[in-house]
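Data block below; observations after.
The values are calculated or read from the model by the stated rules, or taken from the named source; none is laboratory data. Since the model is a prediction, treat every value here as computed from it, not as a measurement. Cβ coordinates were reconstructed from backbone atoms using ideal geometry, including for glycine residues, and neighbour counts include every protein chain displayed. These accessible areas exclude ligands, DNA and RNA; they are computed on the full protein's heavy atoms, side chains included. Shrake-Rupley method; radii C 1.70, N 1.55, O 1.52, S 1.80 Å.
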Amino acid sequence: MAAVVSPPIASFRTPSSATEFWSTAARDRLASIRGNAFVRDQYTAARLQRSLQEELMAIQSVVCTVSAELNSLSPISRLPPETMSHILSYVAAIDRPDLELKPEKFALAHRQRLGWIKATHVCRRWRHIALNFTDLWRRVILVFGAEWAEEMVARAKSAPLCFTLDHRWRTVRESTGPVISDHLQRTQSVSVLHGGSSSAGYWLRYLAKCLFHKPAPFLESVEFGDPDERVHWDMESNFFNDSAPRLRSVVLRGCTSFAWHSPILRHLTSLTIEDCTQRLSFDDFVTLLQQMKAIKVLVLKHCLPNVEDTSSSSPSAVVDLTQLTDFTLNGVLSIVVRLLTHLRIAGTTRLSITSHSGQNFDYPMFVTVLQGTGFLDKGLPFTHVQHPTVSYGACLYAWRAPHASASSSPHDPADLMLHFSSGGNRIVERTAVALLKAIHPRAIPGQDLVHLEVRSYRDGWTAQTWLDLFGHSPNMRRVEIAGRPIATAFVTALSHRSGDAETGCQSFFMPSLTSLELTFSIYPSIPADCEFYERLLAAMESRKQDGVVLSQISAAWSDFPEARLARLREFVPLVEHL
Amino acid sequence: MPTIVSVDDSTVPGEGSSRLLLLVSSDNKHIVVEEDIMSRSRFISKQVEGFEATSQRHAILLPFSSFVLNKVIEYCSHYRGYYLLEDDPDAAPPGRSPVREWDQEFLDVDRNMLLRIIKAAHYLEIKSLVGSCARAIADMIRGKTTEEMREILGVENDFTPEEEHSPSSKCTG
């Protein structure tokens, strides 16, 4: 058969000429095969079949060549490889393999849930770039089994590896443990989540056994355990001893037998321990903290020393932890307090306390302790106090002083925001108020407080509460209140005068108040003649008589008759709807 | 390397307090822009350093159209004086942070234009713009099947049957 000579590609001017060429070529090429469709001889038929398959593969190869030529002209193919790598990095960051898929559906949807890996199937060039871009492969998610993990490890070449293992996947077999273990020498991070399955405890224990005794010269962070579902597991090793010199961040959840004495702890900058039943004595605990000179983030939940260990006979030395930036404590508040008395922490540290204390806890004593640590002096005592018996929890948010003037004392924040999101539990709200009362006389004499924001939708406060808490706030300029009961109590307090024993003068509650904002979002239908408005009107009237006038009231009171608003404007120049 | 042509001083009024640059696009449009605006481009910055070394002013010829160039200038003007982390040579690799709102609107263009912008940004060495474009392209193909990706990006399947069923392909899905 005469060889088919392809014309130069430049002469492919019209589709018809291309069609003509290829159809002619195909016709000539297949001429010898045509007419054999009715071959009965099995041997001949098989030979022809093989020939045709070879032809087909050759044609497919040509098609691929033409497709590659076409791709080379497409705008995306003309992007430089480093730009393509950049795009693939983003695809890998935002399109991860679907970890939320239920295990039983996983196999069926396997190919649809590959995430960024699909991008490597687009064309030869993409695959070539992806395969040579080691950063894509070094973050190994062990959801597709050991074989795939090993392939990723190989593709990562010499790049440091980051392993993530999620036990929700049935494809995660025992063989995945050795994958990490075999490559621990070049591993940068290991993250193992379990998802609360029945075998999770076994898995975590097994992996800990595989990993925690081996040399890990490049390991920087370890996370074991799920943040949402608690599973307990044992650590049977001494947690690397000195074999992981670069390890700086450790998160262990549900580890019942943590190796508190591992020397590796001394070098950590971040440590999270949750639910450790094997606890140190109080003195050993304090000594351990003393050795952690580099620690910056420390989260200790349900792992503080037991009450009986806190003997006061041998007081521990005060430990300097002023380098801490974040400090979270979850445990019995008496232990927390005792611990805080032994620590020196910077006032700028973000302290978060979740307490287990009962309602009768001695909050003034707690405040005294906090003052001793210096938190109150900096105006940032804590971010969170939660009662254990309620699911909603109560939040007493931080004192914040972002706008405090330079002249104001560092003790006294100018702005204060209180947020009682108790969602219906009065115990919590009362606890928070008790805490506030205990703190307030010491931390916020009120002289410098100019802005207050309070939100609560429960009947927690009375006018007396307002007077107790903020009766000495002569510089308060603006108050924002959300919630009808608390606002009603506030407007009642606005009418209150108090006398000064020394001068004999009487002054209104918050005499400098000029701006008031009221929101009653969950009570949209307050009757227009309700007690609240009468009290507000009375307060404004009496304050005006004494020259203590508010300049602005903003409120969400769409149901309030315009006539009454006009009445209010007689005493307050600007009354507006929010 | 870009082509640099000498420019008459009268063409480029750059001796005053506000230094100006003359950029010439591939369609021969002359665009005068303040040097300060284009300082986000490491390529332009290096060119300007070269000018200062030779005490001569030049126009900078760029291999993309005025339409694309104007888009890049619009981007640089918007972020004039801003510090963008992505332009930092020591910036961390791309994460999951979303595209800035303004960038999203700015890059709401057709695919070919987006590709031209990212190419120009790469040429001009504007890392933040490369990053935003890359993220926009990544968003276009996020969650799509391979076939859909090909269609979106205008790419043909050029794998041979052997390549499509090769062990590496199997291991990557």
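A simple spin-label model places pseudo-atoms 7 Å from Cα toward Cβ; at A:THR24 and A:SER542 they are separated by 10.8 nm. For the residues of B:121-131, the average number of beta carbons from a partner chain within 10 Å of their own beta carbon is 2. Between B:ASN112 and B:GLU86, the modelled labels are 2.4 nm apart [label points 7 Å from Cα along Cα→Cβ]. Note on A:HIS128 and A:THR348: their simple-model spin labels are 5.2 nm apart, each label 7 Å out from Cα toward Cβ. Largest to smallest in accessible area, the residues A:SER542, A:SER61 fall in the order A:SER61, A:SER542 (1.4 Å probe, all protein chains included). Were the residues from A:GLN49 through A:LYS157 laid out at 0.36 nm apart, the gain over their Cα-Cα distance would be 34.6 nm. Count Lys and Arg as plus one, Asp and Glu as minus one, and take only other residues whose Cβ is under 13 Å from that of A:VAL222; the net charge is then +2. For the pair B:GLU148 and B:GLU101, the difference between a 0.36 nm per residue extended length and the Cα-Cα distance amounts to 14.3 nm. With a threshold of 26 Å on the Cα-Cα distance, the over-threshold entries among A:LYS118/A:LYS214; A:LYS157/B:LYS119; A:LYS157/B:LYS144; A:LYS209/A:LYS301; A:LYS118/B:LYS119; A:LYS118/A:LYS209 are A:LYS118/A:LYS214; A:LYS157/B:LYS119; A:LYS157/B:LYS144; A:LYS118/A:LYS209. Using a probe of 1.4 Å on the protein chains alone, the accessible area found for B:TYR123 is around 70 Å². Given R0 = 45 Å, the distance between the Cβ atoms of B:GLU34 and A:ALA566 translates into a calculated FRET efficiency of 0.20. Among the residues of A:116-128, the average count of other protein chain beta-carbon atoms within 10 Å of the residue beta-carbon is 6. Between A:ARG230 and A:TYR206, the contour length at 0.36 nm per residue exceeds the alpha carbon distance by 6.9 nm. The mean number of partner chain beta-carbon atoms within 10 angstrom of a residue's beta-carbon across peptide B:147-155 is 5.
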